[in-house]
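Student: There's a structure below that I have some questions on.
The values are calculated or read from the model by the stated rules, or taken from the named source; none is laboratory data. Model, not experiment: these values are computed from the prediction. Virtual Cβ from ideal backbone geometry, glycine too; neighbours counted across all protein chains shown. Heads up: the accessible areas ignore ligands, DNA and RNA and are worked out on the full protein's heavy atoms, side chains in. Shrake-Rupley method; radii C 1.70, N 1.55, O 1.52, S 1.80 Å.
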Amino acid sequence: MVAAAETVAAQAEPEVLLAGHGITKRFGPVVANDDVSVELRPGRILALLGENGAGKSTLVNVLFGLHRPDAGQVVIADEHVELSSPHDAIARGVGMVHQHFQLVPPMSVVRNIVLGAEPRKLGMIDVAQARRRVMDLADRFGLHVDPDAAVEDLPVGAQQRVEILKALYRDARVLIADEPTAVLTPQETDHLLDVLRGLTDQGVGIVFITHKLREVMAAADDIVVLREGRVVGTTTPAQTSEAALAELMVGRAVDLHGDRFESGATGVGSAVSTAAAYSDEKPAAEAGELPVVLDIAGLCADDDRGQRAVDELSLAVRAGEIVGVAGVEGNGQRELVEAITGLRHATAGTVSISDRDASGARPRQVTVIGVGHIPEDRAKHGLIGSYSVADNSVLNRYFKRPFAAGGMLRRDRIDSHARDVVATFDVRTPDVESPADSLSGGNKQKLIVGREFSDEIDLLIAAQPTRGIDIGAIEFIWRRIRERRDEGTAVLLVSAELDEVLALSDRVAVMYEGRIVATVDPRTATREEIGLLMAGAAPAEVGS
Amino acid sequence: MSVPAGPQAPAETDAAGRAGSTDDSRRTLTRTVLRAAAVPLASVALGLVLGAVLIAVQGHSVLSAYSALVLGGAGDADALLRTLQKATPLVFGGLAVAFAFKAGLFNIGGQGQLLVGAAFAAGVGFGLEGVPLVVHLPLALLVGAAAGAVWGAIAGVLKATSGAHEVIVTIMLNFVAGNLTDWLAANPWQDRSGSNIIARTPLVEPSAEIPTWGWLPAGFVLAVLAAVACWFVLERTTYGFEVRSVGANRHAAHYAGISVGWIMASTMAVAGLLAGLGGAIESLGVDGRFEAGVNVGLGFEGITIALLARTNPIAVIPAGLLVGLMEAGAAKMQFESGVAPEIIDVIQALILLFVAAPLIVRWLLRLRDTDDRRLTLGAGWGR
Ligand SMILES: Nc1ncnc2c1ncn2[C@@H]1O[C@H](COP(=O)(O)OP(=O)(O)OP(=O)(O)O)[C@@H](O)[C@H]1O
Ligand SMILES: [Mg+2]
C-alpha cells in the first residue's frame, strides 16, 4: 500500500509538495476514499475530477487536516506528517481557499490578510508595513484587490483573491481549492486560472477540484479521476480528451453535447447551433398564446447595502416557456429572484403570479401559489445542514398534505417522499435519515432540485440550478427542466453560465445594472452580441 | 454499462437497511444516546472526583460524605420526596432554557418567569375561596403559567420586532419581576394575619394545593409530562419543525416560508410558560404560599440543567433529578460528615464548567472529536 521509499531528506526544494499515500476515509458505511494516492510536485497544477460523491472534497480535506484518514499517510514537503488540524497543514505551507470565507467582513483587505500574523512595531500593528507587504504580494502574483476596501463589499471573485493572498502571506507553497470556479463568472474564472498559472511559475503547487472539463484541459498539468472513492485514472491534458475524461468519471460514455463543453474553451462557439440542438421543434411560447404566469412590472429592490440593485424592471414569463436571465453576476439577478420569491423586500413595482398579485408576498404565499424555487445559495437558503435528507426534502412543504395532518408531521410520508427524490435524482446517501451536511456538494444540489421538482408548480424559478453538479447529472437536470416546460410550467432561469442559459432558454433576457436591457432569441443571437449586451452596450449598437 | 451502483448507491443500501434487524437499530440508538451523553456523564464524574478531592483535603471522609449525600437524597421515602420536590422547578427551568434554545434563543429569564408564575399562582391560590379543587387548582396553575408566558413573550416580541437581544431583555426582566413580586408580597397580597411582618402571601386555600402521593409529589409528575410534551412538540409537530428550523438556519427557515418573528415570540412565550408553571408548582405544592426572596436563584439553575441535558428535553429529567438529589442530600451530608453543603455548589459549578467546555473533557478522556464540527469551520465550494 504505502511506498516505503518516502524517506528522502527534506531539501530546500522538496520533490513532492503534497501527497496522499493509500488514503482511506470512511463515514459509517460509506467509503469516501478507498486507498487513494495522489502526488503534487512543485510548479504543477493537479486537477481532481469525479462524479458527485466520488470523494474529491474528502480527499482534499484529509490533505488539509480537516479529516483524519482511517488509513494511509499524508506527505508534505517530502515528510510524512500527522495532521491533527488545519493549523498543522498551514504551518507546513499548505493553504486552502475557503468557501465560507475565513474573513472578517467589515475589516479591510489588508487587515484580513495579515490577521494573526501582523507585522509589529513597538508592540503595535505596523499598518504601513502590512499594507506594503500585501501590495507587494498582490503585484507579484497579479492578484488585484483594493487593499483598503472592506471585505464585505467585495464580489465573490475578489474575496477569493483575498483568501489566496492570505495563504501566500503565510508562505503557502501549496494551494488547495475545492470548486473555486463554481461561483465565478466566466471572466472571473479565466482570471483565476491565469493567477493560478502565475503562481506555479513561482514554484507553488496547486490542487483544485472542478466539474468543468474545459478548465481542466486549459489549466491542469496532472489530472486524477476519482470514482466511488477510488482513483480510476491518472493522466495529463495532452494524453486525454474531454470525452475520455467524462467516460472515466462516470464509467460509461457520456454525451457531452459538444458545444456546451467545447465551445466555451475558445469563447467563440456558435450559440446558434447550441440552441438549435436543444430547443425542440415546438417553441412553445410562440405556438399558442399561452398565458403569462409571471408578470413583473417596474420592480425595484435594494441590495444588502441599501443600494438599488433592481431598477424598475419589467419582465413576463409565459406558461411553457423558459426565460433565461443572462448577465454578469452582481447586476441584480440575485436581488431580482429574492424579490420575486419573497426573500427580499421590493421597494416598488408589482409582481403577479398566475394572475394573482404577489407583490410583497411572503415566501410561504409564493410557495402556496405554486412556485418552485431553486435558491442560488444552497448552504444559506437551500438546506438545513443538521436536518436529515428526509426533512430537507420537504423543507418548504412540510406543512402540506400528505406530509402533515392536523399540525403533526407524518414521518412515514416524509420518508417515502424523500426516498422518491433520492432515487429519481440519484442523490448519493446511505439513507434518508443521514444529515444533509453529510452529502457531497453536488448531491446537496440534487436534493434541492429534486425537492423543487416534486410538487405541482406553475412557475419554476431556478437560480444556478446545476452549480456543483457533475456533467452526467447536468444532462439529467436539463432534461427535467425542459420536460417541465413542455408540460406547461413557466421557467425563469438565472445562471452565471451563458452556455446553460443559451442551451435551455426560449428567450434570453439580458440584465445589466438592475434592468433588462434586451430580450433576444437564442437561436439568432450570437454569444458576442449577448456578451456585449451583458457588458452594458446599448442594444442599438449591438445591432441584431 | 449502467449507472454505477457503488457502495453508497441508494438501492443497495436500502436493501441492506431492510435486511438489518431491529437489534441493529437498537444498537445504533444506544450508540447515539451514549455518544450524546458522553460529555455530560464524564463531566458529572469529573465534578464528583474533584469534589471528593476537596472533601478529602478538608480532612473529611469522602465515602461517608457521598453516601450520606445519596442517602439524604434517596435513602427513604422522605429523602426521595425532597429530591423530587427539588427537581421539579429544576426540570421546568431546564425546559424553559432548552425549548428557547431550539429556536436559537438564549433564555436567561427563567428566574423572572418563575417568580411571576409563583406569585400569581399564589395570588389565585389564596385569593379565591369556596371554589372546588377541580377548578381552583387548574386555574391557579394556569394563571401562573400565563404570567410566565407573558413575561417570556415580552422578550420574544421585542426580539422579533426590534431585534433587541433576548439575553439583555430577559436579564432586565428578571429585575423587574423580582421587584414586582417583592412588592406584591409586601403590599397588596401580604399576609396580614397575626403579627406577620414578613413579605409573604397568606397560605393558599386547600383547594389550590398540589397533592403529594406518598413520596411522589404530583408536581414532579407534571414536570415529567411537560418534558415529554416538549419533546413531542419539537420532534413530531409542524410547529416544532418550525422552531428547530429557525434555530438551525434562520435564512433557510425564512426560505421555507416560516415566519421567523412569530417563532421567536411564541417560543419565548412557551419557555416562559414552562418556567412560570415551575414557579406555580413551587408556590402551590411546596411552599404553600409565595414569599419574597425564597425562590431567588432557582430560575438560574435551569441554565445548568439545560446545558447538562444538552438541551434535550427528555434528558432534562435525569439532569434535574441529579442536581435535585445533591441539593436534597446536602443537609444530611453536613450533619453526618461535617462537610459544608456549599461543596455541592462547587461540584455543580465544576460540572457546568466541564459541560460548557467539552474540549477539556474530550482531551482529558481522549474522546475523539467528530470531524463534522471542524468541517463547518472551513471547506471549499465543493461541499
Ligand atoms: N461528514 C460526512 N459524513 C458522512 N458522509 C460523508 C461526509 N462527508 C462526505 N461524506 C460522503 O462521502 C462521499 C464523498 O463525498 P465528497 O464530498 O468527498 O464528494 P465529492 O467528490 O466532493 O462530490 P461533489 O462533486 O458532489 O462535491 C459521499 O458519499 C458523501 O456522502
Ligand atoms: Mg465536493
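Student: Over 28 Å between Cα atoms, which of A:Lys166/A:Lys380; A:Lys212/A:Lys380; A:Lys25/A:Lys212; A:Lys166/B:Lys159; A:Lys444/B:Lys159; A:Lys25/A:Lys400 qualify?
Tutor: A:Lys166/B:Lys159; A:Lys444/B:Lys159; A:Lys25/A:Lys400
Student: With axes computed from alpha carbons, what is the tilt in degrees of helix A:471-486 against the longest principal axis of chain A, rounded to the nearest 10 within 0 to 90?
Tutor: Value to nearest ten degrees: 10.
Student: At what distance in angstrom do the alpha carbon centres of the range A:469-486 and the range B:245-281 lie from each other?
Tutor: The distance from the Cα centre of the range A:469-486 to that of the range B:245-281 comes to 39 Å.
Student: Something else now. So how tilted is helix B:238-248 from the main axis of chain B? Cα-based, degrees 0 to 90, rounded to 10.
Tutor: Tilt relative to chain B: about 80 degrees.
Student: To the nearest 500 deg cm²/dmol, what mean residue ellipticity at 222 nm is calculated for chain A from DSSP H runs of n ≥ 4 alone, each contributing -39,500 (n - 2.57), summed and divided by the residues? Before the final figure, lay out each step's value.
Tutor: Numbers: 19 runs with 176 residues, N = 544.
Here the helix-only value at 222 nm equals -9000 deg cm²/dmol.
Student: If you don't mind, another one. If you add up the charges near A:Pro14, with Lys and Arg at +1 and Asp and Glu at -1, over every other residue whose beta carbon is less than 11 angstrom from its beta carbon, what do you get?
Tutor: Values: positive: A:Arg41, A:Arg92, A:Arg173; negative: A:Glu13, A:Glu15, A:Asp78, A:Glu79.
Taking every other residue near A:Pro14 into account, the sum is -1.
Student: Which of B:Leu81, B:Leu34, B:Leu141 ends up with the largest GNM mean-square fluctuation for chain B, with Cα atoms connected below 10 Å?
Tutor: B:Leu34
Student: Could you give the spread of the C-alpha atoms of chain A along their three principal axes, from largest to smallest, in whole angstroms?
Tutor: Computed over the Cα atoms, the extents are 75, 53, 48 Å.
Student: Would you tell me the mean number of C-beta atoms belonging to other protein chains that fall within 10 Å of each C-beta in A:380-388, as a whole number?
Tutor: On the way: counts 6, 7, 5, 3, 11, 7, 6, 6, 0.
If you average over the peptide's residues, the count of other-chain Cβ atoms is 6.
Student: A further question on this structure: Please compute, for peptide B:236-242, the average count of beta-carbon atoms on other protein chains lying within 10 Å of each residue's beta-carbon.
Tutor: Mean shielding by partner chains, rounded to a whole number: 6.
Student: Using a 1.4 Å probe over the heavy atoms of the protein chains, calculate the carbon and sulfur portion of the accessible area of the range A:484-544 as a whole percent.
Tutor: Details: 1110 of 2260 Å².
Ligands and nucleic acids excluded, carbon and sulfur give 49 percent.
Student: Moving to a separate point now. Return the value, in Å² to the nearest 100, of accessible area buried between chains B and A (probe 1.4 Å, both sides summed). Mind dumping the intermediate values first?
Tutor: Working: alone 19450 and 22990 Å², together 37640 Å².
Summed over both sides, the interface buries about 4800 Å².
Student: Let me ask something else about it. By a straight-distance test (C-alpha under 18 Å), which aspartates and glutamates pair with B:Lys332 as possible cross-link partners, with residues fewer than eight away in the same chain excluded?
Tutor: Leaving aside aspartates and glutamates fewer than 8 places away in the same chain, those within reach of B:Lys332 are B:Asp76, B:Asp78, B:Glu342, B:Asp345.
Student: Something else about it: How far, in degrees from 0 to 90, does helix B:166-186 lean away from the longest principal axis of the Cα atoms of chain B, to the nearest 10?
Tutor: For B:166-186 against chain B, the angle is about 20 degrees.
Student: Right, next: Extending each Cα 7 Å along its Cβ direction at A:Arg230 and A:His80, get the distance between those two points in nm, one decimal.
Tutor: Between A:Arg230 and A:His80, the label points sit 2.5 nm apart.
Student: Here's another thing I want to ask about it. Counting only other chains, and only Cβ atoms inside 10 Å, what mean value do you get across the residues of B:255-264?
Tutor: Details: counts 16, 13, 14, 7, 3, 0, 0, 0, 0, 0.
Across the residues of B:255-264, the mean count of other-chain Cβ atoms within 10 Å is 5.
Student: Taking only Cα atoms and a 10 Å spring cutoff, compute GNM fluctuations for chain B and point out the largest among B:Ala306, B:Ala186, B:Ala119.
Tutor: Largest GNM mean-square fluctuation: B:Ala186.
Student: Heavy atoms of the protein only, probe of 1.4 Å, neighbouring chains included. What is the accessible area of A:His191 in Å², nearest 10?
Tutor: 60
Student: What Kirkwood hydrodynamic radius do you get for the range B:163-214 when you take the inverse of the mean 1/r over all pairs of distinct Cα atoms, in Å?
Tutor: 13.7
Student: Given a 1.4 Å probe and the protein chains all in place, what does the accessible area of A:Thr185 round to, in Å² to the nearest 10?
Tutor: 10
Student: May I ask for log10 I(q)/I(0) of the protein assembly as shown at q = 0.06, 0.07 Å⁻¹, from a Debye sum over the Cα atoms as equal point scatterers with solvent left out?
Tutor: For the protein assembly as shown at q = 0.06, 0.07 Å⁻¹, log10 I(q)/I(0) is -0.52, -0.69.
Student: For chain B, rounded, prolate or oblate, judged on the Cα gyration tensor with a ≥ b ≥ c (square roots of eigenvalues), a/c < 1.5 rounded, else prolate if a/b > b/c? Don't skip to the answer; put the middle values down first.
Tutor: On the way: a/c = 1.98, a/b = 1.36, b/c = 1.46.
Cα axes put chain B in the oblate bin.
Student: Another one. Whole Å is fine, so just give me how far the alpha carbon centre of the range A:347-409 lies from that of the range B:146-221.
Tutor: One Cα centre to the other: 40 Å.
Student: Just to confirm, what accessible area per residue do you get for the protein assembly as shown at 1.4 Å probe, in whole Å²? Write down the numbers at each step before the final one.
Tutor: Values: 37640 Å² over 927 residues.
Averaged over the residues of the protein assembly as shown, the accessible area is 41 Å².
Student: To continue, here is another question. Please pull out the direction-averaged projected area of the range A:4-250, using the convex hull of its alpha-carbon atoms, in nm² to one decimal place. Please list the in-between numbers first.
Tutor: On the way: hull surface 56.5 nm².
Across all orientations, the range A:4-250 yields a mean hull projection of 14.1 nm².
Student: Okay, moving on. Within the accessible area of the range B:95-171, what % is carbon and sulfur when the probe is 1.4 Å and the other protein chains stay in place? Intermediate values should be presented prior to the final figure.
Tutor: Details: 2120 of 2680 Å².
For the range B:95-171, the apolar C and S fraction of the accessible surface comes to 79 percent.
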